[in-house]
Each structure stands twice: as structure tokens, then as C-alpha cells.
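A quick write-up on the structure given underneath.
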Amino acid sequence: MKLMPCPVNGLRAISEFFYWGEVRVSPNPDTCSDDEWANYVFNRNGAPGVKREWWCHTPSNTWFIAERDTSEDRVLRTWLPGAEP
């Protein structure tokens, strides 16, 4: 069974989590160009490597950030938003 560390609940089965996507900074919709906004909405970095991603532990509704190496499918660390390591 694959396990993932929740920063609040500890190691849990991966089936208890929901992936929400890579952590990205959104451009200001009032000042960015249409091309910049379209790039933010439609384009993602799919190259393998270390990524910061949004995850949710669904039984406790705990949202957190996971740093994960997608080339090795390995979680490096997790933390709550605002508590960056």
C-alpha cells in the first residue's frame, strides 16, 4: 500500500488524499495580457522533477502542500500553507 504523510494526521493510505495540482503563482487578471492569462490557465509544466503540489486529506479536509519528486514518484516533505519549511 502506498502511504503519504499528512502534516496533521501522519502517514495515511494514498486513497485518502485528493490531488489538486501544482502550486503556481497566478498573474493579476486586471493587469496581465490575454496571452499571459491563457498561459496560466491552459499550460502546465509536465516535465518530471521536484514539484510543489496542493493535496487534501479528505477525511479531515486538511489542505496542505507536498513537495514530490515526480520522476521517482516519491514524497519528499509536506507542510501546511503558511508554514513553509
Name, by its number, the condition in (1) of a type in the set (Val, Ile, Thr); (2) modelled with pLDDT under 95; (3) within 13 Å of the chain's Cα centre (by Cα); (4) over 16 Å from LEU80 (Cβ atoms) that does not hold for VAL23. (4)
Considering only the stretch 6-13, I want to know if a residue exists there that is in contact with a His (Cβ under 6 Å, 6 or more places away or on another chain) and in a strand (DSSP E or B). yes
As an exercise: evaluate LEU11 against (1) without any contact (Cβ under 8 Å) to a residue 40 or more places away in the chain; (2) surrounded by 11 or more Cβ atoms within 10 Å (Cβ to Cβ); (3) of a type in the set (A, V, I, L, M) and give the number of the one condition it does not meet. (2)
Go through the stretch 39-58 and give me each residue that's closer than 11 Å to CYS6 by Cα and either hydrophobic (A, V, I, L, M, F, W, C) or outside any strand (DSSP E or B) (or both). TRP55, CYS56, THR58
Being part of a loop (DSSP other than H, G, I, E, B) and on the phi < 0 side of the Ramachandran plot narrows it down to one of GLU36, GLU84, so name that one. GLU84
What residue, among those in the stretch 21-60 that are closer than 21 Å to THR70 by Cα and touching a residue at least 40 places away in the same chain (Cβ under 8 Å), is surrounded by the fewest Cβ atoms within 10 Å (Cβ to Cβ)? VAL23
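The values are calculated or read from the model by the stated rules, or taken from the named source; none is laboratory data. Worth saying up front: this structure is predicted, and the values here are computed from it rather than measured. A quick note on method: Cβ atoms are made from the backbone with ideal geometry, for glycine too, and the neighbour counts reach across all protein chains shown.
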